[in-house]
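Structure first, then comments.
The values are calculated or read from the model by the stated rules, or taken from the named source; none is laboratory data. This is a predicted model, so every value here is computed, not measured. Every residue, glycine among them, receives a Cβ derived from its backbone with ideal geometry; neighbour counts consider all protein chains shown. Remember, those area values only see protein heavy atoms, side chains included, never the ligands or the DNA or RNA. Shrake-Rupley method; radii C 1.70, N 1.55, O 1.52, S 1.80 Å.
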Amino acid sequence: MNPSSCWPNFHRALSKFLILIITAVLCCAPGSLFAQASSSPAEHVLEISLTPASGEIEIIDQVRVTGRDNYSFRLAPWLDIESISLDDRQWRTEKLGDHEYVVALPDSKPHVIGFILRGMVPVRGTQPTTTLSSSSGSDGVYLPGYDAWIPQDETGLMRYRMLVKVAPGERAVATGKLISEQTTNEQYQATFEVTHPSEAPSLFVGPYQVTQRLSQGLRLRTYFHAELTGLADVYLAAADGYIQRYQASIGAYPYADFHIVSAPLPVGLGFPNLTYVGRQVIPLPFMRTRSLAHEVLHNWWGNGVTVDYSSGNWAEGLTTYMADYALAQDKGEAEARSMRVKWLRDFAALPAQRDQPLRDFRSKQHQASQVIGYNKLAFVFHMLTNEIGQSAFNDGLRRFWSKHVYGQAAWADLQAAFEQAAGRDLDWFFRQWLERSGAPRLSLGAHSVEQIAGGYRTRIEILQPVTGYRFKLPVLLATVDAKQRHEIMISDTLTRVEFVTPAKPRYIHVDPGSDVFRRLRRDETPPILRDVTLNPSAITVIASMDTEFVEVARELAARLMDVELRFEILTALQSAEQPLLLITTSNNLAQQLTQLGLEQLPELPDIAHSAGAWTARRANGVPVLVVTAENVLELRSLLRPLPHYGGQSYVLFAAGRALSRGVWPLGRGSLYRDLQGSL
Ligand SMILES: [Zn+2]
């Protein structure tokens, strides 16, 4: 499993990094206990019988080990070891701590440790579940590899062959190649196999209807709940298309199968050769376009090549760049630019204290880390493409893939591949973008235009006060009869440039296509919801006397704000410097805005709505997020959808359905200079 869910509507509660930490804490901390000879990954031969409704599970596991003095492992707390054998003789295990065990081995020769395990997979809803924890219910069983539902040693790697038996109305699907399956009156059984060292198996069982498509030697399947089967063919066709696309640009798809499995949980997770997606999400259009492409691509980045988390996570940004962003590029440069501008706007909304160097990003645990680890990083790959050219970029990726497929790779490996492809050193590039937080800031200084023999000379100063950056900066110079595009190198805090044109210059626009990652100035950034929701100093005001409204408003604030909540009353805030979330009934709105000194209201689209959210700036520039609802029912209907619109300036609702949303238009900003009248 990789930290893959990037779509706007769901983010994962926990991450692979956390899992790795948990693994490390549980298994690896007492180093002396685990001093083992270097050993090849264990091979598991598994036989699993499972009853979804009750969660009852029996696991027979034959673990072949070699080159070890002992086999230490962890096991999910809901499993009991019924028996243990060594080379078919009864044997024993020693408990090291909570859910950690060690089996002492007589020597480091090959041995087979046999386990019979029994337990009840926790029933969903009886305790808090995360994307890490196993859960069961009549609508499906979820057994993620990281939950250690089979013995898992500290390497985290294994090979396995797994036979799963369930009732005939159920279907089981797992990571690994589907070797065989059989349905009788008594049961359905299927066998899965992984022959490369891999993460532990993840297993999914449910009352699934299976639809299959074969494509160029690859088996694609949907395992959908009954209500979704009408969508199976479009999903399979879409997945097939993405796989072909990424195979062509990166290298062969690394598995035999790809499955899309519907989940009773509201998740969107990428596993080797399958994606597990909430059944409520599958019908949504964004899922089978952008999100599916993203999940499919994780079979290359994150699963095919896994991430060496000790040096940071390169996979999310690369996947965002090659899936989400590439799909925007397909629609044209305008769409691609608007995605880059959105990333810049998100970054501008990130308070400095929540910024972090890209190298420190491990996984998305809150919105702030998405702004860095997904968006900023994808932007860095855009700049790398511009720096070394598309063909060197593609070549670098193919090199990286073929060298590291089925293995783990770090940032340094990716850098090396691009350096080889480009035939030059790129250390300066990776250093400046990965190892520091923040971004360049650009503005224009003094300019002059003078008439010279045969034309005009335009001079302008470009200011970039954040030292230590070096980048190509596109400059557009428009004259009365032409537009000239230039590229200049910025490496100083002050760069003086000079252009000579035959015709009279009209304007100059620096970085007109937003190709450079930089911190936008406030006068360039229309406020978006995140300007308030990410800001730790933000304050929430609830303007209502109705206790039920206040209660729902508090819940909404808790869901909206990505920071600790602080409540205040409005009268205390007339000249406040803190960003503000105001939640009010519609009929109270005018009065509240007057109190805030917000008389000039933004122009919302002329659409009848019963609830909405919009942003504005107070006279002192501080952003305000206003949420209005006609009544408590309408307010309640915002609880689920509204937190997903953080990148918008406004969104209007009726009965919980978004009718209209958008971002206030960008000003021309400080990188545009009108040159007419400068002579
Ligand atoms: Zn992802």
**OP:** From (1) touching a residue at least 24 places away in the same chain (Cβ under 8 Å); (2) part of a loop (DSSP other than H, G, I, E, B); (3) open to solvent by 20 Å² or more (accessible area, probe 1.4 Å), pick out the condition that doesn't hold for G647.
**Re:** (3)
Original post:
Out of (1) part of a strand (DSSP E or B); (2) crowded, with 19+ Cβ neighbours inside 10 Å; (3) in contact with a helix residue (DSSP H, G or I) (Cβ under 8 Å, 6 or more places away or on another chain), the odd one out for Y456 is which?
Top reply: (3)
Subject >> The listed residue being crowded, with 19+ Cβ neighbours inside 10 Å, of a type outside the set (V, I, T) and either at pLDDT below 95 or over 17 Å from L318 (Cα atoms) (or both), out of A368, A409 >> reply: A368
**OP:** Just give me the residues in segment 161-191 being part of a loop (DSSP other than H, G, I, E, B), over 12 Å from V205 (Cβ atoms) and touching a residue at least 24 places away in the same chain (Cβ under 8 Å), in sequence order.
**Re:** T175, G176
Original post:
Restricting the search to segment 216-264, which residues are part of a loop (DSSP other than H, G, I, E, B), open to solvent by 50 Å² or more (accessible area, probe 1.4 Å) and in contact with an Asp or Glu (Cβ under 9 Å, 6 or more places away or on another chain)?
Top reply: Q216
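In segment 309-337, which residue that is over 17 Å from the mean Cα position of the chain (by Cα) and surrounded by 16 or more Cβ atoms within 10 Å (Cβ to Cβ) is nearest to the ligand (Cβ to nearest atom)? Steps first, please.
In the first step, residues of segment 309-337 are kept if they are over 17 Å from the mean Cα position of the chain (by Cα); the result is 310-311, 329-337.
Retained after the next criterion (residues that are surrounded by 16 or more Cβ atoms within 10 Å (Cβ to Cβ)): 336-337.
Details: A336: 19, R337: 23 Å.
Applying the filter and picking the extreme gives A336.
Conditions tested, residue by residue: (1) outside any helix (DSSP H, G or I); (2) touching a helix residue (DSSP H, G or I) at 6+ places or on another chain (Cβ under 6 Å); (3) at pLDDT below 95.
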{"residue": "G270", "(1), (2), (3)": "yes, yes, yes"}
{"residue": "Q280", "(1), (2), (3)": "yes, no, yes"}
{"residue": "S291", "(1), (2), (3)": "no, no, yes"}
{"residue": "T320", "(1), (2), (3)": "no, yes, no"}
{"residue": "R337", "(1), (2), (3)": "no, no, yes"}
{"residue": "W343", "(1), (2), (3)": "no, yes, yes"}
{"residue": "D346", "(1), (2), (3)": "no, yes, yes"}
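Residues of segment 425-453 being without any contact (Cβ under 8 Å) to a residue 24 or more places away in the chain, closer than 16 Å to S491 by Cα and either surrounded by fewer than 17 Cβ atoms within 10 Å (Cβ to Cβ) or touching a His at 6+ places or on another chain (Cβ under 7 Å) (or both), which ones?
Once the filter is applied, which keeps residues that are without any contact (Cβ under 8 Å) to a residue 24 or more places away in the chain, closer than 16 Å to S491 by Cα and either surrounded by fewer than 17 Cβ atoms within 10 Å (Cβ to Cβ) or touching a His at 6+ places or on another chain (Cβ under 7 Å) (or both), segment 425-453 yields D427, R431.
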**OP:** Evaluate segment 381-392: report whether one residue or more is at negative phi and within 16 Å of the ligand (Cβ to nearest atom).
**Re:** yes
Original post:
Of everything in segment 459-470 that's open to solvent by 10 Å² or more (accessible area, probe 1.4 Å) and out of contact with any helix residue (DSSP H, G or I) (no Cβ under 7 Å at 6 or more places or on another chain), which residue is farthest from W433 (Cα to Cα)?
Top reply: R459
Subject >> Among (1) more than 20 Å from Y406 (Cα to Cα); (2) charged (D, E, K, R); (3) surrounded by fewer than 18 Cβ atoms within 10 Å (Cβ to Cβ), the one test that R288 misses >> reply: (3)
**OP:** Of the conditions (1) assigned to a strand (DSSP E or B); (2) under 29 Å from A378 (Cα atoms); (3) touching a residue at least 40 places away in the same chain (Cβ under 8 Å); (4) not charged (D, E, K, R), L477 clears all except one; give me its number.
**Re:** (3)
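Rundown of residues vs (1) in contact with a Gly (Cβ under 7 Å, 6 or more places away or on another chain); (2) of a type in the set (V, I, T); (3) closer than 16 Å to A315 by Cβ; (4) within 16 Å of the ligand (Cβ to nearest atom), yes/no style:
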| position | (1), (2), (3), (4) |
| --- | --- |
| A256 | no, no, no, no |
| G268 | yes, no, yes, yes |
| T275 | no, yes, yes, yes |
| Q280 | no, no, no, no |
| P285 | no, no, no, no |
| H294 | no, no, yes, yes |
